[in-house]
Structures are given as structure tokens and as C-alpha cells.
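The values are calculated or read from the model by the stated rules, or taken from the named source; none is laboratory data. Note that the structure is a prediction, hence the values are computed from the model and not measured. Please note: Cβ atoms are built from the backbone with ideal geometry, for glycine as well, and neighbour counts cover all protein chains shown. We work out accessible area using only protein heavy atoms, side chains counted, and drop any ligands, DNA or RNA first. Shrake-Rupley method; radii C 1.70, N 1.55, O 1.52, S 1.80 Å.
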Amino acid sequence: MGACRGLINGSSKTDYPWSMRTSALLFKLLLVAGACAAPALQAKVLIAKIAHVKTGAGSLHSVVVRLEWPDGASNGTLSLRAARGEFSSMSYLARDLHWQCELARAVGGGWRCDGPLRSRGSKPARLSVNLSEATSTAQLMIGKSRLVYARADAAPDSHAVELHGVPVAWLKDFLAGLWADGRWTGGSLDGKVVIRAPKAAPFVVNTDVALAGVGLETPDGSLAAAALNGRLSVDYSESKGRQRVDSSFVARGGELLADRLYVVLPKSPVNIHVLAQRESSKQPWQLPQIQWQDAGVLAASGSASLDAANAVNALDLSLAVPNLSVARDRYFSGFLGPAGFPDLVLAGSVDARLQMGGGALTAMEARFGSVNAVDTKARFTFAGIDGSLRWTTAGNALASELRWTDAAIFGIGLGPARFGFGSSIGELRLAQPVPIDALQGKLVLDHLRWQARAKGVGATFQFGMSVQALDLASLSQRLGWPAFPGSITGKIPSARFRGDVLDFDGGLQMNLFDGQVELSDLSMERPFGVAPTLTGDVVIKDIDLEPMTRVFGFGAITGRLDGRISKLRLVDWAPVAFDARLETDREWKGKRRISQRAVKDISNVGGSGVAGGIQAQALKLFDDFAYDRIGLACKLQDNVCTMDGVGSAGDGYIIVAGAGLPRIQVVGFRRKVDWPTLLARLEAATQGQAPVIK
């Protein structure tokens, strides 16, 4: 029993690598029982008590091994109990562990033992161990999951593990050893892992496993995957500190998220290959081979290097996207959604090359083939985009040209256009002004400049534009407005887009109803994003009221109109704040007449009334009236308009101040009016209706 005592009391120094080192502990205990039983086959019961057994796979505490071997029997019953078992490589903590099996001589020599394995709070399992002179194997089965370990005596430093429907949760600590930031959230594995750990040769791991519904994520959420299916092959080697990882994954469905890149993998195979290597654990990883092949949709190849924080430091990547309509949903939705184009429809092809150095983009080139881009919200449409776009941070200038056959912005059709560009020192510049036919006039892009993000300063987009005699009637038709006669002419010397804010210098001038409308101090936030916001000021000069009221379907008024709309703010193209005042021109020398219907319309819009008695009777007798002044003001805030007119009348305000006989006056009495109510009154007035105001 001295040899037995030595085996039992000893603490194993063997450190079998990776998750299947667990079986080494069970082998040791079985060898203890077999070695002690062999010289005492006449004994009926053999009991060994072990305080603590530890191997690289884990540890057992308060162990009792009991072997019952009847006289002359060919088989014995082996029972192993442990108060606690800790198997860190399988993320498993067992309490009241009990394994009982029939111990027998195996055919050809050696031992075999097969029986149930139970522990408190865990599903019933079955463990089978076979020890022979040539090989040692162990098989653990829990439900439909099966894990098999094998080691050949001829190659004691080589270990093979077979996985059959094994949950990822069993191996999360083993996987954490490969990738510390990975959090494996679900799925199962089938396949084989072979580990070779000779003392005088490179440490090698060869993995070939099928993934079913695997999920993972990182603590910061920058990388995640869900329902991944496919086959993963990994060849890992380490020698004298040098590491090499050659990974290939044939994906067949699932989702991937890497920063803003969101990929919806198809059921058809997508081949992904990455080769990574580094000289030591203190050196950054180099990725000399990166390949992504999604047949007919996306092909990518290139190389990269990482920095000490495993962020991309240098990159040279070529992309081919022959089918944008399919690639849009599979690969680009993560970029389009946050940019404000979640439902953008794309077609055509794009080839591109991206280069990075020092963690920043240094060069970019894209070639477009018959690309169509259609915004489902009707904000823009571009058709037949062809040509190339080249950008560089180098000093040598690069030339490129981009063109389209047709386009539209907010329903305004644009003719064919051709854009010549030059690029150097991180800037993309328009080579010469570009005229574009629009609304029987022209839009001229005078200059354009794009500067990439650099030294903590965000990317800047700057342009200047001229507007030459755009037909206002055509614009009105496209926007669903009344048919305004006139034209739009103006110049925006410069506009800057940075941080999702578009600021305009200069302004636009519209020639409208023989007068002018000027827009200035324009600024727009999220122009193509969610709830775009526009701010600015509007000045109205000498608008001829007679044609204007006729176009709007309002009662007839003669004279001229001046006004201003200050601090205008539109959110999603609906006004939420402004300070407006409209008033007839006091210097107008012509006739100032207002029709009976216009009096009623103005009364309805202002929520006001016409004085009773003689004035009410006059409305029935006369078609129109002379006036001295007409004016209405509204300061909109918190969806309420504070109203005013051209003068006071007791507690009210004068909207129409009459002149001559019969003299008529329209007075408003409600200083606070809900904005939706005021809009309803305006709509009803232009349609010849009289709304009921409570």
C-alpha cells in the first residue's frame, strides 16, 4: 500500500493545455484505483480518501474513491465522490459530485470504466473512460451533447478533443483564454480541436468546428454577433514568443456588428480569411492577409496592422461591390441609418480602395458604374452616376471626374451634370463651376471643398451656389403650392457643413408678385437626418396684393405688402417659432380697396369681428371698401401665437383700418391663439369656407 499512498497523497504537476485538461484529473484517479486494485484482486473493498487533487484542468476536494471487486470476478465497481469540483476550463463548479462505473479489463489490455456522473443542481451525465497501452480516451455525455478526449501514448504531448453539440457556455473560459474581451452568449459547437504541446517544438492548436447559432459580444458593445452559423478553421502556433493565427470562416447566416458596420449574412456561403502574426506578446499584431468573399455581392482583400490597443493603425483594402442593391441590406445599413437614409434604394456597382496610416485615412478611390440612389422620402434621386472619385493626403494632386444623367432634389428635376475634381493634402476640390439645368433656369455650383477630419477637427464640407432665374410657377407645382408667378434669383457665396449643421452665407432672393422675398441668415441642422431643423430670417418687399390674393383664393385686396419673419425656426419643415409682422405699404400711392369677401376672410383668420350696426349692413350693400392700413402680427412660441395688428382698439387690436365712407374696421379680440387653430382658419379662408371657432 506504500505505492498507493504515494499516488494518493501526491499533487499532480501535469498541466494539460486547454479545456480538455479536465479528463487528466479523472485519468489520475482511475489510475490510482487500478494500481491499488491490481496487486490485491482478492480484496472485496478498497477505499482511498484524498483531501485535495489538483491538475491544470481543475481540482477536486474531499475525495473518496471506493472500489468493490468480488472474489474471482472479472469486473469491479468504482465509485468516486467529491464534496466539490472546480473545472475552470469548462466554467463548471460541481457540488456533491458522484461518478460510479463498472471497472473492467479492456480487450487487448488496459482498463475501461463507464457509468453515470451526477452532481447537485446539474443535469445527469455519463462519463466513459478507456485506458490502454496505446491510447487514453474519455467521453462525457450530457443530454444530446457529447465531448470526447483522446491521447495516444506514442504522442503524449498531443491531445485531441471532439465536440458534438457542445454548448458554447461549457467552453467560455477556454475561449476567454483565446480572446479576453469576448463574451459568448449562446450557440453550440461540433468538430475537433487538436493540441500539440511538445517541449522542444512549437505549441500548436488546430481547430475545425461547425458553429450553430453562436452569439458573442464585447463589454463596450463595439463588436457583437448573433445566430452565427458556419464552419471555423483556426491554425494557431507559438514558438519562442512568436505567434501566428490563420483563421478561415465559411459563414452561412447570422448577424455581425463591428462599430458601425452591421452585416446580415446570407444562407449562401461567405468566405472570410484572416492571417495574423506578431513577433512577441509585446509587439502589435500584423494582418498580412484579409479576405472576404460574398459571391456576386462583395469581395474584399487587403492587409492591415494593429496598434497596442488592437485598433487599426495601417490598412490597404480593396473592395468590389458588383451588386449594390443586395449589398445595401447586407453591409451598408449600419452606415446609412445613422446618416439619415435608412431606406435608401441603391443599384449599380462600386469598386473602391481605402488606405490608412497612423490610425487615419490617407487615401481613397471609388469607381462608380451606373449607380442609382433613390431616397424613399423623396428628398433626392440620382440616376446614372458614373466615373471616379479620388482623394489623398499626399502632396501630389489627383484628378477625377463624376457625372450623372438625371437627378432631383425635393422634387426639383436637375439636368445632366459633370463634376471635375482635384485632390491633395487631404482636400477634395471642384475643378471648375458646374452649371445644372433646373426649373427653366440654372443652378450653378460655383465651388466645392471637402476637408477630411484631422487633428481633432471634424470633416468640413463647403460650397458656393448661384441661382439663375428659376421659374417659381414650376417650383410651386412640384411643391404642391398655389401657382406663384415669378422667378428665383440669388447667390449663396459660401455654405459650410460640419457636425451635421449647414450654415449659409449670403441669401436667396425671390421675385414674387412684382415684389421681392429675401431669405438670409439660413442655418440647417441634420439636413438629411431625423427631424431636420431650419432657421433664418425672411424679408418681404412690395408684394402686389391683387395677384397674390387671387392665387391664394383669398378675397381681393389691392395695394402692396411689406413684412418680415424674424427668428424663423422649422422642425421637420413645420414652423415651431417665429416673430412675424405683415402690413400694407404705407407709401403706396395707388388704390387701396378690400373686397367684401376679403373682409370676411380676414375676420375669420384673426378670430375677430366686424363692428355691428351700420358696418354689418354695409357688408351686405357694398362689394368692396377703401382702407387705410391692413396688418397682422403673430409671435409663435410653444404652439401659441401672440397676435397684434396695426393699432389698438380698447382691449383688441385693429387688423383692417378703414378709410372714407362707408368706413369699415376689423378688430381682433383674442391675443392668444393656438397655432393649429390659426392654420385651420387660414386653410378655410383660402378655400372659401368659414370655420366655426369655439
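Key figures for this structure:
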| quantity | calculated |
| --- | --- |
| Qualifying residue in the range 493-501 (condition: within 39 Å of the chain's Cα centre (by Cα) and open to solvent by less than 40 Å² (accessible area, probe 1.4 Å)) | yes |
| Output for the range 229-262, where each listed residue is small (Gly, Ala, Ser) and within 26 Å of ASP307 (Cβ to Cβ) | SER237, SER239, GLY241, SER247, SER248, ALA258 |
| Checking LEU682 against (1) over 19 Å from VAL576 (Cβ atoms); (2) in contact (Cβ under 8 Å) with a residue 40 or more places away in the chain, the condition it does not meet | (1) |
| Selected residue (criterion: least open to solvent (accessible area, probe 1.4 Å)) from residues of the range 310-345 that are free of Cβ contacts under 8 Å to residues at least 40 places away in the same chain and over 23 Å from ILE272 (Cβ atoms) | LEU344 |
| Count of the range 339-377 residues which are under 20 Å from LEU324 (Cα atoms), of a type outside the set (S, T, N, Q) and not in a strand (DSSP E or B) | 8 |
| Enumeration of residues in the range 276-309 that are among the charged types (D, E, K, R) and within 19 Å of MET356 (Cα to Cα) | ASP307 |
| Candidate set: the range 176-191, residues that are within 27 Å of the chain's Cα centre (by Cα) and at pLDDT 70 or above; chosen: the one farthest from ALA212 (Cα to Cα) | ASP181 |
| Residue tally, condition more than 36 Å from the chain's Cα centre (by Cα) and assigned to a loop (DSSP other than H, G, I, E, B), over the range 464-492 | 5 |
| Residue in the range 172-186 that is open to solvent by less than 50 Å² (accessible area, probe 1.4 Å) and touching a residue at least 60 places away in the same chain (Cβ under 8 Å) present | yes |
| Residue selected from the range 263-278 under the condition within 20 Å of ASP307 (Cβ to Cβ) and touching a Phe, Trp or Tyr at 6+ places or on another chain (Cβ under 6 Å), by the criterion most open to solvent (accessible area, probe 1.4 Å) | ARG278 |
| Residue ID - modelled with the lowest pLDDT, chosen from residues in the range 563-606 that are among the small types (Gly, Ala, Ser) and touching a strand residue (DSSP E or B) at 6+ places or on another chain (Cβ under 6 Å) | GLY606 |
| Filtered residue count, the range 384-406, keeping only those that are open to solvent by less than 30 Å² (accessible area, probe 1.4 Å) and over 21 Å from ARG449 (Cβ atoms) | 1 |
| Total residues in the range 223-274, condition farther than 20 Å from LEU189 by Cα, under 16 Å from the mean Cα position of the chain (by Cα) and of a type outside the set (Lys, Arg) | 8 |
| Identity of the residue in the range 106-159, in contact with a Lys or Arg (Cβ under 7 Å, 6 or more places away or on another chain) and of a type in the set (D, E, K, R), that ends up farthest from GLY191 (Cα to Cα) | ARG120 |
| Residue in the range 211-220 that is within 19 Å of ALA160 (Cα to Cα) and open to solvent by less than 50 Å² (accessible area, probe 1.4 Å) present | yes |
| Residue tally, condition under 52 Å from the mean Cα position of the chain (by Cα), in a loop (DSSP other than H, G, I, E, B) and among the polar types (S, T, N, Q), over the range 122-133 | 1 |
| Among (1) within 21 Å of ILE492 (Cβ to Cβ); (2) of a type in the set (A, V, I, L, M, F, W, C); (3) not in a strand (DSSP E or B) - the single one LEU448 does not satisfy | (3) |
| Failed criterion for MET364 (all others in (1) in contact (Cβ under 8 Å) with a residue 40 or more places away in the chain; (2) touching a Ser or Thr at 6+ places or on another chain (Cβ under 9 Å); (3) open to solvent by 50 Å² or more (accessible area, probe 1.4 Å) hold) | (1) |
| Selection within the range 379-425 - assigned to a loop (DSSP other than H, G, I, E, B) and touching a helix residue (DSSP H, G or I) at 6+ places or on another chain (Cβ under 8 Å) | PHE410, GLY411 |
| Which listed residue, of ARG231, ARG242, ARG252, ARG260, is open to solvent by 50 Å² or more (accessible area, probe 1.4 Å), at pLDDT 95 or above and over 19 Å from ALA299 (Cβ atoms) | ARG231 |
| Breaking point among (1) at positive phi; (2) of a type in the set (Phe, Trp, Tyr); (3) modelled with pLDDT of 95 or more, for PHE410 | (3) |
| Contacts under 8 angstrom Cβ, first residue in the range 96-121 being of a type in the set (Ser, Thr, Tyr) and part of a strand (DSSP E or B), partner surrounded by 14 or more Cβ atoms within 10 Å (Cβ to Cβ) and at pLDDT below 90, 6 or more apart | none |
| Given (1) open to solvent by 20 Å² or more (accessible area, probe 1.4 Å); (2) without any contact (Cβ under 8 Å) to a residue 40 or more places away in the chain, number of the condition VAL517 does not satisfy | (1) |
| Among the candidates ALA469, ALA473, residue that is of a type in the set (A, V, I, L, M), open to solvent by 50 Å² or more (accessible area, probe 1.4 Å), in contact (Cβ under 8 Å) with a residue 12 or more places away in the chain and under 20 Å from ASP544 (Cα atoms) | ALA469 |
| Residue among VAL250, VAL245 that alone is among the hydrophobic types (A, V, I, L, M, F, W, C) and either within 28 Å of ALA360 (Cα to Cα) or touching a helix residue (DSSP H, G or I) at 6+ places or on another chain (Cβ under 9 Å) (or both) | VAL245 |
| Number of the condition not met by MET524 [criteria: (1) at pLDDT 85 or above; (2) open to solvent by 40 Å² or more (accessible area, probe 1.4 Å)] | (2) |
| Single match in LEU46, LEU67, LEU80, LEU41 (criterion: under 22 Å from VAL107 (Cβ atoms) and either modelled with pLDDT of 85 or more or surrounded by 12 or more Cβ atoms within 10 Å (Cβ to Cβ) (or both)) | LEU67 |
